[in-house]
1. Decide, for region 178-242, between rounded, prolate and oblate: order the square roots of the alpha carbon gyration tensor eigenvalues as a ≥ b ≥ c, take rounded if a/c falls under 1.5, and otherwise choose prolate if a/b is larger than b/c, else oblate.
2. Would you please classify the overall shape of region 84-231 from the alpha carbon gyration tensor, given that a ≥ b ≥ c denote the square roots of the eigenvalues, rounded means a/c under 1.5, and beyond that prolate means a/b larger than b/c while oblate covers the rest?
3. Considering only protein heavy atoms, what is the solvent-accessible area of Met196 at a probe of 1.4 Å, reported in Å² to the nearest 10?
4. Calculate the dipole size of region 178-242 relative to its Cα centre from +1 charges on Lys and Arg beta carbons and -1 charges on Asp and Glu beta carbons; express the result in debye to the nearest 20.
5. For a quick protection proxy, order the peptides 100-110, 33-43 by their average other-Cβ count within 10 Å, most packed first.
6. Just how large is the dipole of region 28-114 about the Cα centre, in debye to the nearest 20, putting +1 at every Lys and Arg Cβ and -1 at every Asp and Glu Cβ?
7. What shape does region 28-114 take by its C-alpha gyration tensor, where a ≥ b ≥ c are the square roots of the eigenvalues and a/c under 1.5 counts as rounded, a/b above b/c as prolate, and the rest as oblate?
8. Placing +1 on the Cβ of each Lys and Arg and -1 on the Cβ of each Asp and Glu in region 28-114, which of Val42, Tyr31, Leu63 has its Cα farthest towards the positive end of the resulting dipole?
Amino acid sequence: MQMGDSSAASGTSLNSGGRGAKAASSPAENYQLARRRTLQVVVSALLTESGFESAEKAAVETLTEMMQSYITEIGRCAKTYCEHTARSVPTLSDAVVTLIEMGFNVDTLPVYAKRSQRMVITAPPVTNAPVTPKSLSAGQKRTHPSHIPSHYPEFPDPHTYIKTPTFREPVSDYQVVREKAATQRRDVERALTRFMAKTGETQSLFKDDVSAFPLIAARPSVIPYLSALLPSELELQSLEETDSSEQDEQTDSENAAGNANADDPSADKDNSVLPPGGVVPSAKASEDNVIDNPYLRPVKKPKVRRKK
């Protein structure tokens with residue numbers, strides 16, 4: 001270090017620190033950078049009181065780092081003593097015990113504070129600490145009751161111990177449900193129409209602009225009367241239900257007859273003779289003989305009700 005102008009000491013250290021530091025982008029980085037610059041001003045003032053008029057950048061940075069580490073260690077030890085006595089905020093006694101533990105003579109502090117050659121530094125602008133946004137918030141935060149001391153830790157966020165529903169009840173209003181169903185049906189039809197218009201042949205209302213108002217081209221059927229002969233879905237469903245009911249009735253009647261023969265010990269044993277070939281026709285064989293085409297099935301005569 002070299003002797004020089006006293007006023008240039010703080011300015012040189014500040015300018016050198018400002019050039020070397022990178023531009024901070026987040027509020028937390030801005031807050032740390034402001035505290036670092038304040039420590040550099042304090043170190044420059046202490047160097048000026050000691051008789052130095054200029055200093056190198058590396059020397060100022062080293063002294064700043066040493067002061068920052070010393071202050072950080074004092075705060076950490078004071079917090080440890082505070083928590084050891086079941087408190088959350090450190091007091092003056094915690095700081096005094098910390099200084100004594102670190103080997104500092106506390107009796108010299110009043111004399112050093114009242115020295116005549118000390119430099120007064122203007123207070124830095126007040127910068128608010130960055131506020132970390134809360135990701136979850138539910139309800140209002142509780143305060144300590146009267147029987148709990150105020151130095152105890154605060155209650156945690158309400159979302160950690162109360163019920164927070166994350167779903168909405170389904171809408172049961174008839175009008176809303178019908179409107180939603182109609183909207184979904186319209187969206188499906190519109191999407192299907194667009195898909196068919198893009199993948200198939202289309203016709204346009206305007207000859208100049210083919211892409212405007214495309215219409216799905218109607219393809220003529222080879223056999224125009226075929227759609228009239230084919231049964232509809234409702235007719236096929238009713239035929240299937242009729243066939244299944246008739247098969248159930250036939251199965252029930254066969255089961256009833258078999259149970260009657262088993263219960264009657266005097267039944268004729270000739271009924272148990274196997275048919276030619278020695279194979280009993282199974283239900284699967286009868287199902288295979290059923291004709292799927294409704295127009296090729298045998299004609300069923302309507303049931304005639306006899307008058308009693």
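1. Values: a/c = 4.01, a/b = 1.43, b/c = 2.81.
It comes out oblate by the Cα gyration axes.
2. The shape class here is prolate.
3. Surface accessible to solvent at Met196 totals approximately 90 Å².
4. On the way: 9 positive and 10 negative charges, 78 e Å.
Around 380 debye, computed over region 178-242.
5. So the peptides 100-110, 33-43, ranked by packing, come out 33-43, 100-110.
6. Working: 8 positive and 11 negative charges, 57 e Å.
The calculation lands at about 280 debye.
7. On the way: a/c = 2.72, a/b = 1.51, b/c = 1.81.
Note, shape of region 28-114 comes out oblate.
8. Of the candidates, Tyr31 comes out farthest on the positive side.
The values are calculated or read from the model by the stated rules, or taken from the named source; none is laboratory data. Predicted, not measured: the structure shown is a model, and the values here were computed from it. No Cβ is skipped: glycine too gets one built from the backbone with ideal geometry, and neighbour counts run over all protein chains shown. Note: accessible area is taken over every heavy atom of the protein model, side chains too, but ligands, DNA and RNA are not part of it. Shrake-Rupley method; radii C 1.70, N 1.55, O 1.52, S 1.80 Å.
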